[in-house]
Amino acid sequence: MKTLAIAAGGGGDAITAAVLADKLPSLDVAAIMTYSWDRLLVDPVPGPRAADDFDGLIEHAPEVFEVPATAMLRGGQSTIPPLARHIRQPLLLLDIQSGTVGLARQIERAAAAVGADRLTVVDVGGDILADGDEDGLRSPLADSVALAGAVTTDLPVTVLVAGVGLDGELRPDDLRKRLDFLGAEMEFTLAAGDVAPFKEIWEWHPSEASGLVAAAASGWRGIVETQRAEMVEVTAEAACVYRVDAYLLAGSSLAALVSDSTSLDEIETLFRDRRGYSDIDVERRKLATISAQSPLADPLGVIDQYAELAVGRGVDALTLRRVFELVRAIDPESSGALRRTLMEVRADRVVPPLYLTVGGR
């Protein structure tokens with residue numbers, strides 16, 4: 001039996017899906033499906049990208065496209081092609097332009113193309129567990145549609161959730177209630193050896209939650225400030241992976257809201273009606289704000305001062321994405337240049353994906 005893994009939230013989840021595929025040979029993961037939906041510091045176009053946005057994709061079947069390392073995204077950058085150099089499984093594109101109905105069809109065709117007869121949906125952070133009404137929930141669209149598409153197929157589906165709480169969206173009490181309601185079972189704990197083969201990825205990939213899972217598995221412990229200034233505690237539990245009933249979850253979450261959708265526009269409308277906005281609306285507003293901004297003149301000085309103040313708040317590290325946001329290095333060129341500078345002149349503090357508030361930890 002082969003498995004088609006579905007990275008519910010995009011690129012970062014795809015990395016953890018690859019980690020789990022190596023950790024669990026019994027899954028026999030034939031391929032990983034993932035969105036090309038990068039933050040604006042990588043891709044300046046809001047929302048998930050479609051197959052038509054790429055050059056160089058490999059078509060395995062109608063609507064089933066592999067993203068090789070040589071593929072190019074038009075009008076921006078995608079983290080999927082460089083990720084393909086580090087992951088042994090083929091990376092297939094999740095394209096939700098035709099809504100959940102189209103996605104379910106795409107998933108079924110992808111499974112047939114790679115010889116898979118079961119699905120494993122992988123989420124990092126735990127926002128996929130939300131019922132949709134939690135105050136802190138900010139970005140459930142991608143996870144909800146991926147889950148809805150998976151359970152709409154005729155294939156058996158399992159959900160694996162790693163790094164519960166590391167995305168800083170749901171409060172610990174909310175996460176515990178949902179895990180209990182869903183009858184979630186802790187399957188195993190990731191260890192340093194499981195994430196070591198993927199270490200190079202964090203030298204360039206911007207994902208926070210998946211990077212923190214890798215840090216937790218490697219043994220790092222402490223309080224981290226993420227891009228939106230949330231405080232996240234990296235503990236031993238952050239390396240735990242839970243198995244969740246996919247169908248109970250889909251029926252009690254925002255996946256049910258979008259299960260019959262036939263376009264991305266319809267999905268956005270459903271989210272606006274339920275939550276007041278869609279995730280892509282947030283990106284559109286942010287793009288309008290940052291387009292008039294430029295990086296700060298003395299980024300190292302700003303970072304040093306902020307890190308010193310963060311120590312006083314009990315913060316052990318900032319994510320590199322938080323650092324980029326602080327100094328407005330939020331486009332690919334600026335963030336890449338700053339990353340290189342930090343790795344050269346603050347090498348004792350850069351432990352990707354972390355920037356230590358005190359050097360040498």
Counted residues, segment 254-277 - those being farther than 18 Å from VAL151 by Cβ, touching a Gly at 6+ places or on another chain (Cβ under 8 Å) and either assigned to a loop (DSSP other than H, G, I, E, B) or of a type in the set (S, T, N, Q) (or both): 1
Candidates ARG105, ARG109, ARG138, ARG118 - the one that is of a type outside the set (Gly, Ala, Ser), in contact with a Ser or Thr (Cβ under 6 Å, 6 or more places away or on another chain) and surrounded by fewer than 24 Cβ atoms within 10 Å (Cβ to Cβ): ARG118
All positions within segment 278-301 that are over 22 Å from the mean Cα position of the chain (by Cα) and outside any helix (DSSP H, G or I): SER291, ALA292, GLN293, SER294, PRO295, LEU296, ALA297, ASP298
Residue check, ALA238 under 30 Å from THR357 (Cα atoms), in contact (Cβ under 8 Å) with a residue 40 or more places away in the chain and loosely packed, with under 14 Cβ neighbours inside 10 Å: no
Residue identified as crowded, with 19+ Cβ neighbours inside 10 Å and at pLDDT below 90 among ILE290, ILE330: ILE330
Counted residues, segment 58-99 - those being free of Cβ contacts under 8 Å to residues at least 40 places away in the same chain and touching a strand residue (DSSP E or B) at 6+ places or on another chain (Cβ under 8 Å): 12
Hits in segment 311-321 - residues which are outside any loop (DSSP other than H, G, I, E, B) and more than 15 Å from LEU300 (Cβ to Cβ): VAL311, GLY312, ALA317, THR319, ARG321
Looking only at segment 134-149, and only at residues there that are aliphatic (A, V, I, L, M) and within 15 Å of the chain's Cα centre (by Cα), the one that is modelled with the lowest pLDDT: LEU137
Unmet requirement for ILE303, which otherwise passes all of (1) in contact with a helix residue (DSSP H, G or I) (Cβ under 7 Å, 6 or more places away or on another chain); (2) touching a residue at least 40 places away in the same chain (Cβ under 8 Å); (3) not assigned by TED's automatic domain parsing to the domain that holds ALA337: (3)
When residues of segment 104-132 are limited to those that are part of a helix (DSSP H, G or I) and of a type in the set (D, E, K, R), the one nearest to the chain's Cα centre (by Cα): ASP127
Given (1) touching an Asp or Glu at 6+ places or on another chain (Cβ under 9 Å); (2) surrounded by fewer than 14 Cβ atoms within 10 Å (Cβ to Cβ), index of the condition ASP298 fails: (1)
Residues of segment 161-195 classified as in a loop (DSSP other than H, G, I, E, B), surrounded by fewer than 16 Cβ atoms within 10 Å (Cβ to Cβ) and touching a Ser or Thr at 6+ places or on another chain (Cβ under 9 Å), total: 1
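The values are calculated or read from the model by the stated rules, or taken from the named source; none is laboratory data. Worth saying up front: this structure is predicted, and the values here are computed from it rather than measured. Ideal geometry is used to build each Cβ from the backbone, glycine not excepted, and the neighbour counts take in all protein chains shown.
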